[in-house]
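I have placed the structure first, in the form of structure tokens, so that the comments after it can refer back to it.
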Amino acid sequence: MTKLLLVRHGQTLWNNAFRYQGHTDTELSDDGRSQSEQLSRRLAEIPLQAVYASDLRRALDTAGIIAEPHGLPVQPMAGLREINFGAWEGLTFQEIKNTYRDIAENWHKSPGSVRIPDGETFQELKERAYGTVMDLVKRHDPGTIAVVTHGGVIRAIICALLDIDLNNVFRIRQDNIALNIIDYYEGYGILNLLNDTHHLESNLSLLNFNR
């Protein structure tokens, strides 16, 4: 069995401002580092075999804090990057609606197939991200691994796991520093935990949906 600890990165300043980040290489805020330290303490006694992360700094830095008590290196994976928001990166949803109204409305109705200008579809994200995760699951069978990535990536992975239509991807909530657990038995995945943030001292969910 492979136990996959799937983690969304800690909070960034762009999360606070509700700006779409995508491939833009933003950093953790002070709160994001504190959140990562709290999750690190929660996972400190779990025998991790490896720690992987998206190659963007907000995920790498979160993963580094998680990996430190285990003495493990963080292995960056480009396949775990957030969806490419293209021309929308750095914009708020309101700014996107003002400039790209028709595309934005269609994208929120049918995110599985609508392409963001100069960016990706959720179908493309699902194919690269789930393929990356399944390669890691096979590599560490048996074992327990932590994978730190992004909200859109985790939503797409869960849709792939549960055979959920990607047009429902925004019905899956992912807060900053949320922990998700998937157990794989010979490649068959079982979702054991979703969007858990009980490790946060405040135990208050961050209501932001910009990835």
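The values are calculated or read from the model by the stated rules, or taken from the named source; none is laboratory data. Owing to the predicted nature of the structure, the values given are computational and were not obtained by experimental measurement. Every residue, glycine among them, receives a Cβ derived from its backbone with ideal geometry; neighbour counts consider all protein chains shown.
How about the range 182-211: which of its residues are among the hydroxyl-bearing types (Ser, Thr, Tyr) and modelled with pLDDT under 90?
First, pick out the residues of the range 182-211 that are among the hydroxyl-bearing types (Ser, Thr, Tyr): 184-185, 188, 197, 202, 205.
Of everything in the range 182-211, those that are among the hydroxyl-bearing types (Ser, Thr, Tyr) and modelled with pLDDT under 90 turn out to be SER202, SER205.
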When the range 107-138 is examined, which residues are found to be of a type in the set (Lys, Arg) and free of Cβ contacts under 8 Å to residues at least 40 places away in the same chain? ARG115
Residues (part of a strand (DSSP E or B), touching an Asp or Glu at 6+ places or on another chain (Cβ under 7 Å), farther than 20 Å from ILE158 by Cβ and of a type outside the set (Val, Ile, Thr)) located in the range 1-19: none
Scan the range 164-185 for residues that are in a helix (DSSP H, G or I), out of contact with any Lys or Arg (no Cβ under 6 Å at 6 or more places or on another chain) and either closer than 25 Å to LYS138 by Cβ or aliphatic (A, V, I, L, M) (or both) and report the count. 1
The one condition GLY22 fails out of (1) in a helix (DSSP H, G or I); (2) at positive phi is (1)
LEU56 vs. criteria buried (at least 16 other Cβ atoms within 10 Å of the Cβ), modelled with pLDDT of 95 or more, touching a His at 6+ places or on another chain (Cβ under 6 Å) and among the aliphatic types (A, V, I, L, M): no
Taking the range 20-32 and the residues there that are surrounded by 16 or more Cβ atoms within 10 Å (Cβ to Cβ) and over 16 Å from the mean Cα position of the chain (by Cα), the one that is farthest from GLU89 (Cα to Cα) would be ASP31
Being on the phi > 0 side of the Ramachandran plot and surrounded by 20 or more Cβ atoms within 10 Å (Cβ to Cβ): is that true of GLY71 here? no
Taking the conditions exactly as written (of a type in the set (S, T, N, Q), closer than 16 Å to PHE85 by Cα, surrounded by fewer than 16 Cβ atoms within 10 Å (Cβ to Cβ) and free of Cβ contacts under 8 Å to residues at least 12 places away in the same chain), does THR99 satisfy them or not? yes
Residues that are touching a Phe, Trp or Tyr at 6+ places or on another chain (Cβ under 6 Å) and under 25 Å from MET134 (Cα atoms), drawn from the range 22-59: GLY22
Looking at the range 131-179, which of the residues that are over 22 Å from LEU200 (Cα atoms) and in contact with a Cys (Cβ under 9 Å, 6 or more places away or on another chain) is surrounded by the fewest Cβ atoms within 10 Å (Cβ to Cβ)? ASP165
